[in-house]
Amino acid sequence: MNNTNQAGKGPILELRNLSIALRTGNAGVLNIVENISFSLHQGHTLGVVGESGCGKSILASSLLKLAPNGTEERLSGQVLLDGHDLVPVGEKAMRQIRGHKMAMIFQEPMTALNPAYRIETQMREALRAHKRIGYRESQRLIVELLNQVGIPQSRTVARQFPHQLSGGMRQRVMIAMAISCMPELLIADEPTTALDVTIQAQILALMKDIKEKLKAAIIFISHDMGVIREIADYVMVMYAGELVEYSPCDEIFSRPLHPYTSALLKSIPRSKNNADELYTIRDTVPQIGAMPRGCRFSPRCDCALPRCHEEKPSEIFEGEHRVRCWKYGNI
Ligand SMILES: Nc1ncnc2c1ncn2[C@@H]1O[C@H](COP(=O)(O)OP(=O)(O)OP(=O)(O)O)[C@@H](O)[C@H]1O
Ligand SMILES: [Mg+2]
């Protein structure tokens, strides 16, 4: 399963000052994501964390140029895939890139699976969209892929419809479809969140296995810092549409710099049975269109200085560790 599409030495994905606005039917134009930059190399997994509504899914789907239904996405900045900017690329060319160079795994597999078709029909279509292969070869590949993602009785499952499978099995099928064309970039948006706890652990183990074998670049979105710790090489922490901290994974846990990251880490339950121990960040995330003037986290921050309420912090670099916070304003 080694990835043969690999690029040279440069990053597979590089975002340069990417901002995303959504044009919606009744709410007008909403600025959802602002000024995100990072690079991601082959074989590396970037974990993306942040509270609900901070723009993780919009960021992920914008890379494939898939706007939510009923909206239109406006991207500014650059999204470089193998050095080629996708921002000006039209829908026709994007169809060739989706599923081939980039693939996505969604939280709810039914978003991507068609309930009306057998698994094998959907997988064959995905395979044949990008490869010239005959029926027999596609059947062989489908069974091989289903085996690879740990589906028992893969021949039988291939003949079934999505509703005949459990949530965990459907997610395995989604993963099989996503890896079928050996993408260079795999985006997984909360792939374990909708599943039972025991199944979550199995799917996470499968994702780790895929990471080792596919050697693709992976963007892995999760609410769960515990999950991120297990799979990510780098972590990006988002708050209200902005990158607030980015660093190698170990450092986020051993030396978080942004007060928001520290608060997220404090809110991980130490014991699953004792809800009393849970730390919660005071107040709520600001609304789109009513963002605080300075640092967007400042109204909720225990360390906020007067300056934080007035001026946006610029980004401070310390090796690969990046943070936007006035606490480190004069480093
Ligand atoms: N179809 C839409 N129309 C209008 N606004 C939208 C739409 N989809 C998302 N948004 C807004 O964009 C922002 C970011 O949403 P997004 O789904 O990316 O958040 P998220 O970080 O993935 O949250 P979660 O952790 O709950 O999945 C939110 O404020 C949301 O209200
Ligand atoms: Mg989401």
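From the list Ser222, Ser180, the one residue that fits, being under 25 Å from Leu18 (Cα atoms) and small (Gly, Ala, Ser), is Ser222. Of the residues Gly53, Gly47, Gly43, which single one is assigned to a loop (DSSP other than H, G, I, E, B) and either more than 23 Å from Gln96 (Cα to Cα) or within 14 Å of ligand 2 (Cβ to nearest atom) (or both)? One residue alone meets the criteria, Gly53. If you take the residues in the stretch 224-249 that are touching a Ser or Thr at 6+ places or on another chain (Cβ under 9 Å) and open to solvent by 30 Å² or more (accessible area, probe 1.4 Å), which one is farthest from ligand 1 (Cβ to nearest atom)? Selected residue: Asp233. Screening the stretch 52-68 for residues that are open to solvent by 10 Å² or more (accessible area, probe 1.4 Å) and more than 7 Å from ligand 1 (Cβ to nearest atom) and picking the one that is farthest from Lys215 (Cα to Cα) gives Ala67. When every residue of the stretch 209-223 is checked against the conditions, at least one turns out to be open to solvent by 50 Å² or more (accessible area, probe 1.4 Å), in contact with a strand residue (DSSP E or B) (Cβ under 8 Å, 6 or more places away or on another chain), assigned to a loop (DSSP other than H, G, I, E, B) and touching a residue at least 40 places away in the same chain (Cβ under 8 Å). With respect to the conditions (1) crowded, with 18+ Cβ neighbours inside 10 Å; (2) under 26 Å from the mean Cα position of the chain (by Cα); (3) modelled with pLDDT of 95 or more, Asn147 lacks only one, and its number is (1). Restricting Met94, Met110 to residues that are assigned to a helix (DSSP H, G or I), surrounded by 13 or more Cβ atoms within 10 Å (Cβ to Cβ) and in contact (Cβ under 8 Å) with a residue 60 or more places away in the chain narrows the list to Met110. Across the stretch 113-128, the qualifying residues are those that are of a type outside the set (Lys, Arg) and assigned to a helix (DSSP H, G or I), and the one among them that is surrounded by the most Cβ atoms within 10 Å (Cβ to Cβ) is Ile119. Of all residues in the stretch 129-142 being over 24 Å from Ser61 (Cβ atoms) and under 27 Å from the mean Cα position of the chain (by Cα), which is least open to solvent (accessible area, probe 1.4 Å)? Residue satisfying both the conditions and the ranking: Ile142. Within the stretch 24-51, how many residues are acidic (Asp, Glu) and more than 8 Å from ligand 1 (Cβ to nearest atom)? Number of matching residues: 1. Scan Ile58, Ile32, Ile36 and give me the residue that is assigned to a strand (DSSP E or B) and within 14 Å of ligand 2 (Cβ to nearest atom). Residue meeting the stated conditions: Ile32. Check the stretch 156-175 and report whether any residue there is of a type in the set (D, E, K, R) and over 23 Å from Ile219 (Cα atoms). Scanning the stretch 156-175, I find at least one residue that is of a type in the set (D, E, K, R) and over 23 Å from Ile219 (Cα atoms), so the answer is yes. Within the stretch 19-37, residues that are touching a residue at least 60 places away in the same chain (Cβ under 8 Å) have Cβ atoms under 6 Å from residues that are of a type in the set (D, E, K, R) and open to solvent by 60 Å² or more (accessible area, probe 1.4 Å) in these pairs: Ser37/Arg16, counting only partners at least 6 apart in sequence or on another chain.
The values are calculated or read from the model by the stated rules, or taken from the named source; none is laboratory data. Keep in mind it's a predicted model, so treat the numbers as computed, not measured. Because the Cβ atoms are built from the backbone with ideal geometry, glycine has one as well, and the counts that use them run over all protein chains shown. When the accessible area is computed, the model is the full protein with side chains, heavy atoms only, and any ligands, DNA or RNA have been set aside. Shrake-Rupley method; radii C 1.70, N 1.55, O 1.52, S 1.80 Å.
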